[in-house]
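Notes to accompany the following structure.
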Amino acid sequence: MKMLLNGLLVVWSSWLLAQSPAPSGAGADPAWNEIKGEKLLALRLKGDPARGAEAFEICQGCHKSGATGSISGVYPRLAGQHATVLIEQIVDIRSSRRSNPKMKPFAHEQIVSPQEIADIAAYLQALPIPPNLGKGPGTALARGKELYARDCATCHGDRGEGNGEKFFPLVAGQHYKYLLRESRLIRDGERGNANPDMVKVIKSYTDEDLEAVADYMAGLAPP
Amino acid sequence: MEKARTIAATVCVKCHGADGNSTDPAYPKLAGHHPNYIVGQLNEFIAGRRKSDIMVPIVTALDPGDFKALGAYFGAQKPTSGTVLDKKAAEEGKRLYLDGNEEKGIPACAGCHQEDAGGTKRFPRLAGQHREYLIREMGNFKNEIRMTKTGRFMREVAKRMTDQEIKAVAEFLAGL
């Protein structure tokens, strides 16, 4: 019976995926970002930015009005981020795939439905990006630029614009301290839902390397 | 609206005041809340997720068909403001209300309840509310007594706050 149900789910999921050129971030390692369950559901739903603005009220106590986040890096800027990335991260946080114990209780399904996740993502993607607020010290920009061009640009784009279809986040102009915190977590295997390809690339990075790249990305002008 | 006015003047008046500005701090002010919020809470009493030995029998005896009009009536009443008794606590409360606490993961209350604490259709008005009532309800969230559907967020927030922080925010809000 369970096998039959699983089989049906697979058929249903493939049907959903077939309905549109749904983005797939599978890439080299399909297990990294398997699009299934409510992640698939939220990605398939049509997000409404107006409804998203209202649903986002519950987020702005931390991420702030206009989704600017905070310079301290505790909360990332979400304005302008790719909707697919936002959906993936919210769903991963609530399923504990991405470790974020502070946010997880607020992302509970009784607080935000899959439709609201899609709406919030549509709203945030369309928000104007505020000017770079949380810049780094600016002391290792040349080193950062070099590392970025060598290791990061292939996925995150020459200008840090990311790639929504492949679930690669926009990083340009993100708060320096947030970039630094997350890249450390990814390098040290503590983020939970990191792309293994990225972990491989930055595994050998020193703290100074991470600081330099974060400094460079925080200084990039957002699109 | 006429029927709602009559219910307010005969039933609700004893605790909440005819215009929804209760003077006894054991009972919340209802004036100026969004009508949707009032209807939602009345339904939560009936569903048993909000507990009160006083309110539940009273709400149960009402006709749910009148809830909407009652919400509209109290929502349309002019809320009275309060006075600050402890200035230092109110200052601390104001900071927490507007900025939250990043280190402890306490969201700014203003995110949902608005900067002026006027509330929205989903979130209650807090400006001018009795401090005693605010403190009691935060305790009910913290101790999982107030189990309203939309209260899940607040139960988490309340658990992250100390009693002193709760008192400070209540002091700030009571004075608005």
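Sorting A:SER204, A:SER70 by accessible area (1.4 Å probe), largest first, what list results?
Working: A:SER204 95, A:SER70 10 Å².
Heavy-atom accessible area, descending, gives A:SER204, A:SER70.
I'd like the FRET efficiency for B:THR120 and A:ALA126, computed as 1/(1 + (r/R0)^6) with the beta carbon distance as r and R0 of 30 Å, rounded to 0.05. Before the final figure, lay out the partial values.
Numbers: r = 22 Å, r/R0 = 0.72.
It comes to 0.90.
Suppose all protein chains stay in the model; what accessible area per residue would a 1.4 Å probe give for the protein assembly as shown, in Å²?
It amounts to 50 Å² per residue over the protein assembly as shown.
Counting only protein heavy atoms and using a 1.4 Å probe, what share of the accessible area of the protein assembly as shown belongs to carbon plus sulfur, as a whole percent?
After summing per-atom areas, the C and S share lands at 58 percent.
Report, in degrees rounded to the nearest 10, the 0 to 90 angle that the Cα long axis of helix B:163-174 makes with the longest principal axis of chain B.
Value to nearest ten degrees: 60.
Ignoring ligands, DNA and RNA, how do B:LYS51, A:LYS203 rank by accessible area with a 1.4 Å probe, largest first? Please report the intermediate quantities before stating the final value.
Values: B:LYS51 120, A:LYS203 140 Å².
Final ranking, largest accessible area leading: A:LYS203, B:LYS51.
Any idea of B:LYS29's accessible area? Nearest 10 Å², probe 1.4 Å.
20
What does the buried accessible surface come to for B and A, summed over both chains, with the probe at 1.4 Å? Round to 100 Å². Let's see the in-between values first.
Values: alone 9670 and 11830 Å², together 19850 Å².
Rounded to the nearest hundred, the buried surface is 1600 Å².
Identify, among B:VAL84, B:PRO107, B:LEU126, the residue whose Cα sits farthest towards the positive end of the charge dipole of region B:5-138, taking +1 on the Cβ of Lys and Arg and -1 on the Cβ of Asp and Glu, with the dipole about the Cα centre.
B:LEU126
Based on Cβ point charges of +1 for Lys and Arg and -1 for Asp and Glu, what charge dipole magnitude is obtained for region A:141-219 about its Cα centre, in debye rounded to the nearest 20? Write out the running numbers ahead of the final one.
Details: 12 positive and 14 negative charges, 16 e Å.
Computed about the Cα centre, the dipole is about 80 debye.
If one takes the longest principal axis of the Cα atoms in chain A, at what angle in degrees, from 0 to 90 and to the nearest 10, does the Cα axis of helix A:2-18 lie?
For A:2-18 against chain A, the angle is about 60 degrees.
Name all residues of region B:44-63 having a backbone nitrogen under 15 Å from the label point set 7 Å from the Cα of A:HIS108 along its Cα→Cβ direction, giving them as ranges.
Counting only backbone N, you get B:49-50.
Under a no-solvent Debye model with one identical scatterer per Cα of the protein assembly as shown, what's log10 I(q)/I(0) at q = 0.06, 0.07 Å⁻¹?
Cα-only, vacuum Debye calculation for the protein assembly as shown: -0.30, -0.41.
For region B:2-76, what class follows from the C-alpha gyration tensor (a ≥ b ≥ c being the square roots of its eigenvalues): rounded when a/c is under 1.5, otherwise prolate if a/b is larger than b/c, else oblate?
Details: a/c = 1.35, a/b = 1.12, b/c = 1.21.
Rounded, because the longest to shortest axis ratio a/c is under 1.5.
Only Lys, Arg, Asp and Glu count, each charged at its Cβ (+1, +1, -1, -1), so figure out the dipole size of region B:87-174 about its Cα centre, rounded to 20 debye. Could you put the intermediate results ahead of the total?
Values: 18 positive and 14 negative charges, 77 e Å.
Computed about the Cα centre, the dipole is about 380 debye.
Dipole of chain A (Lys/Arg Cβ +1, Asp/Glu Cβ -1, origin at the Cα centre): which of A:GLY52, A:GLN81, A:ALA142 lies farthest to the positive side?
The Cα lying farthest towards the positive end belongs to A:GLY52.
With +1 on each Lys and Arg Cβ and -1 on each Asp and Glu Cβ, and nothing else charged, work out how big the dipole of region A:30-126 is about its Cα centre, in Debye to the nearest 20.
Values: 12 positive and 10 negative charges, 55 e Å.
Result for region A:30-126 is approximately 260 debye, rounded to the nearest 20.
Top to bottom by accessible area (1.4 Å), largest first, where do A:ASP215, B:ASP116 land? Please list the in-between numbers first.
On the way: A:ASP215 5, B:ASP116 105 Å².
Reading off the accessible areas and sorting them downward yields B:ASP116, A:ASP215.
R0 = 35 Å: FRET efficiency of A:GLU165 with A:ASP207, Cβ-based, nearest 0.05?
Details: r = 32 Å, r/R0 = 0.92.
E between A:GLU165 and A:ASP207, to the nearest 0.05, is 0.60.
If I model a spin label as a point 7 Å beyond the Cα along the Cα-Cβ vector, how far apart are those points for A:ILE71 and B:LYS159 in nm?
3.4
Identify the GluC sites (Glu not before Pro) of region B:76-124 meeting these criteria: DSSP loop state and at most 13 other C-beta atoms within 10 Å of the C-beta. Kindly include the intermediate steps, with their values, before the conclusion.
Values: sites: B:GLU91, B:GLU92, B:GLU102, B:GLU103, B:GLU115; in loops: B:GLU102, B:GLU103, B:GLU115.
Here the sparse-neighbourhood loop sites are B:GLU103, B:GLU115.
How much length would be gained if the chain were fully extended between B:LYS3 and B:MET55, taking 0.36 nm per residue of separation minus their Cα-Cα distance, in nm to one decimal? Working shown, then result.
Values: separation 52, 0.36 × 52 = 18.72 nm, distance 1.96 nm.
Contour length minus the Cα-Cα distance gives 16.8 nm.
At a probe radius of 1.4 Å, what is the per-residue accessible area of A:LEU170, in Å² to the nearest 10?
10
Obtain the nm distance between the two label points defined at A:ASP158 and B:VAL13 by a simple spin-label model: each point lies 7 Å from its Cα along the Cα-to-C-beta direction.
The two pseudo-label positions are separated by 7.7 nm.
Leaving out ligands, DNA and RNA but keeping every protein chain, what accessible area does A:CYS62 have, in Å² rounded to the nearest 10, with a 1.4 Å probe?
Rounded to the nearest 10, that gives 20 Å².
The values are calculated or read from the model by the stated rules, or taken from the named source; none is laboratory data. Bear in mind that the values here come from a model prediction, so they are computed numbers and not experimental data. We place every Cβ from the backbone using ideal geometry, glycine too, and count neighbours over all the protein chains shown. With ligands, DNA and RNA removed, areas are computed over all heavy atoms of the protein, side chains included. Shrake-Rupley method; radii C 1.70, N 1.55, O 1.52, S 1.80 Å.
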